[in-house]
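Heads up, the thing below is written out as C-alpha cells.
The values are calculated or read from the model by the stated rules, or taken from the named source; none is laboratory data. Predicted model only: the values in this text are computed from it and were never measured. In this analysis, Cβ positions are derived from the backbone assuming ideal geometry, glycine residues included, and neighbour counts consider all displayed protein chains. Remember, those area values only see protein heavy atoms, side chains included, never the ligands or the DNA or RNA. Shrake-Rupley method; radii C 1.70, N 1.55, O 1.52, S 1.80 Å.
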Amino acid sequence: MERTVPDDFERMWADLAPVGRSAVSGGYFRQPFTAPEAELRGWFREQCAARALRVEEDAFGNLVGWWDVGSGPAVVTGSHLDSVLDGGAYDGPLGVVSALAAVDLLRARGVAPARPVGVSVFVEEEGSRFGLACLGSRLATGTVSWEVARELRDGDGVAFGDVVEGVVAGGSSSLLASVGTYVELHVEQGRDLVDRGAAVGVASGIWPHGRYRFEFAGSANHAGTTRMEDRADPMLTYAFTALGANKQARLAGERATFGRVSVTPNGTNAVPSHVTAWLDARCSTSESLTALVDGITAQATDRAGRDGTSLTVTAESVSPAVAFDAALAARVAADHEDGDWPVIPTQAGHDAGILSAAGIPSAMLFVRNPTGVSHSPAEHAELPDCLVGVSALADTLERLLR
Ligand code: HGY
Ligand code: MN
Ligand code: MN
C-alpha cells in the first residue's frame, strides 16, 4: 500500500502517543536512558530502516539517520524525543516526526538532493534527568566535555557517565562533522503565531537563560516545641526568595521561576535543616539576566541574615543569547505562496541554539500552538498546522539543498 504524507505523519504520531504516557495526568515521562525513551529510540531506528536511512549513533547516544545522497556539507533536521517531567506530546517529537515526514515529502516530490540529508535525535534536551539542558548537543559540539558530563547525576545519584557507558562506550563525537546547516522544527511555546494568525514562523534568536541552585541551610528542630522566635527555618528564606524572584522578574519584564525544590528531612513535624531550590531565569539581554539573578540573590541573602539561615548560590548552567543566522532565517522565511513567514524570538532553549553557537548555521521553524501552553500535558498543536509544518520543513530543505 502506498503511504501518503499526511497518513505517515498521523501513523507516526499514533505510534508515539502511548509511549511514556502517564495514565494519571496524560502527560509524558520520557527521561533519557529510561525504558520509554529507549522505546522511542528503537522506534526511530525502525522508521529510518523503513526509509533506507543509515543510522549513525555517537558515543553519547545522539542519533542521525542519513539519506546518503549528493555530496558536500549535509543539511540535517530533527529535534529530541525526551520530555520534561509530565510534559506534552509535541516538544521534541514534533520535530523528529516532521523531519521523517519531510524526507517522505521530498521523495514524493521527486527532489534529488544535491547534498546529504540527515534526521537527528539529540539526547537529554530537557535536562530533566541530569540537570543540564541540551546535554546531547552540547557534547556533540564539544560545548561541554565528557569529563564534566560524565559526573552529572540524576535524582538517585546515578552518573550520566555510567548510564551512557551502559548503552554505548563514552568518548567523543564526530556525528556533526559533515553538517553544513541544521534546521529544527518545534511546537511554538508561546502565542506569538496565534496572535499573528500564522501557522508557521521562523526563529530569530533565543533569550539568554540559566539554571541556578539556591541552597538554604538552617537548623532542624521540633515543629511543636520550638518557639517561633527561636527558629532558623530555611523554608521561610526560600519562600520569601520565590516571591521576591517573581516580583523582581515582573517589574523588569523578564522571567524567573522556582519550579523544583528539595527539602531535608521533608517531615511534616520538623523545621527543615536544608532547602535546595532551582531558579530558572530568562531575560531579553545578558546584562538583564545578570542583573536579575544578582538582584534575587541579594534579596535572598539579606533575608537569610534576618532568618538566621545561610545561602549558597551556584550557577549550574548559563546559556548566552543566540542570534540565529539572520540571512539564513530570511532565506527560509521569504517568498512563500502565503507571503513571508514571521520571524520571531523565543525564550525557550533548543539544540539548534547550541549548534548555532558552535558555528553551524542553524534555523528553526515554529508550528502554531493554540494556547501557547508547553512543558505541560496541555501542550497542543492542531493536525492541519502540523501538516503545514511538514510541508514548510520540506520547502525549507528544498531551498537549502539546491
Ligand atoms: O527549557 C527549555 O527552554 C527547553 O525547552 N529545553
Ligand atoms: Mn522543552
Ligand atoms: Mn524542545
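Some points to look at:
Results for (1) outside the structural domain of residue 219 (by TED's automatic domain parsing); (2) within 16 Å of ligand 1 (Cβ to nearest atom); (3) not in a helix (DSSP H, G or I); (4) not charged (D, E, K, R), shown as yes or no for each residue.
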| position | (1), (2), (3), (4) |
| --- | --- |
| 261 | no, no, yes, yes |
| 276 | no, no, yes, yes |
| 291 | no, no, no, yes |
| 302 | no, no, no, no |
| 306 | no, no, no, no |
| 312 | no, no, yes, yes |
| 331 | yes, no, no, no |
| 341 | yes, no, yes, yes |
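- Among residues of the range 333-359 that are touching a residue at least 60 places away in the same chain (Cβ under 8 Å) and under 16 Å from residue 139 (Cα atoms), those with a beta-carbon under 6 Å from a residue that is assigned to a helix (DSSP H, G or I) and within 16 Å of ligand 2 (Cβ to nearest atom) at least six positions away or on a different chain give the pairs 351/137; 354/137; 354/138.
- Enumeration of residues in the range 200-222 that are open to solvent by 20 Å² or more (accessible area, probe 1.4 Å) and either in a loop (DSSP other than H, G, I, E, B) or within 16 Å of ligand 2 (Cβ to nearest atom) (or both): 207, 209, 211, 218, 219, 220
- Within the range 339-357, the set of residues being more than 11 Å from ligand 3 (Cβ to nearest atom), closer than 20 Å to residue 124 by Cβ and either crowded, with 24+ Cβ neighbours inside 10 Å or acidic (Asp, Glu) (or both) comprises 354, 355, 356.
- Filter result for residue 249 (of a type in the set (Gly, Ala, Ser), touching a Lys or Arg at 6+ places or on another chain (Cβ under 7 Å) and more than 23 Å from residue 324 (Cβ to Cβ)): yes
- Check on residue 55, at pLDDT 95 or above and open to solvent by less than 10 Å² (accessible area, probe 1.4 Å): no
- Candidates are the residues of the range 147-162 that are over 20 Å from the mean Cα position of the chain (by Cα) and open to solvent by less than 40 Å² (accessible area, probe 1.4 Å); the one that is modelled with the lowest pLDDT is 161.
- Residue 69 vs. criteria in contact (Cβ under 8 Å) with a residue 60 or more places away in the chain and in the same structural domain as residue 16 (by TED's automatic domain parsing): no
- Only one of 288, 319, 273 that is within 16 Å of ligand 2 (Cβ to nearest atom) and touching a helix residue (DSSP H, G or I) at 6+ places or on another chain (Cβ under 8 Å): 319
- When the range 66-90 is limited to residues that are open to solvent by 10 Å² or more (accessible area, probe 1.4 Å) and within 16 Å of ligand 2 (Cβ to nearest atom), the one that is nearest to the chain's Cα centre (by Cα) turns out to be 84.
To keep it simple, each residue is scored yes or no on (1) within 16 Å of ligand 3 (Cβ to nearest atom); (2) touching a helix residue (DSSP H, G or I) at 6+ places or on another chain (Cβ under 6 Å); (3) hydrophobic (A, V, I, L, M, F, W, C).
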site: 172; (1), (2), (3): no, no, no
site: 175; (1), (2), (3): no, yes, yes
site: 180; (1), (2), (3): no, no, no
site: 185; (1), (2), (3): yes, yes, yes
site: 191; (1), (2), (3): no, no, no
site: 195; (1), (2), (3): no, no, no
site: 198; (1), (2), (3): no, no, yes
site: 209; (1), (2), (3): yes, no, no
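- Per the listing 138, 150, the residue uniquely of a type in the set (Lys, Arg) and in contact (Cβ under 8 Å) with a residue 60 or more places away in the chain is 138.
- Cross-chain or 6+ apart pairs with Cβ under 6 Å, the range 84-109 first and on the phi > 0 side of the Ramachandran plot and in the same structural domain as residue 370 (by TED's automatic domain parsing), then crowded, with 24+ Cβ neighbours inside 10 Å and outside any helix (DSSP H, G or I): 92/79; 92/80; 92/81
- Positions within the range 203-227 being within 25 Å of residue 245 (Cα to Cα) and hydrophobic (A, V, I, L, M, F, W, C), in sequence order: 206, 207, 214, 216, 217
- In the range 283-320, the residues that are acidic (Asp, Glu) and open to solvent by 50 Å² or more (accessible area, probe 1.4 Å): 287, 294, 302, 316
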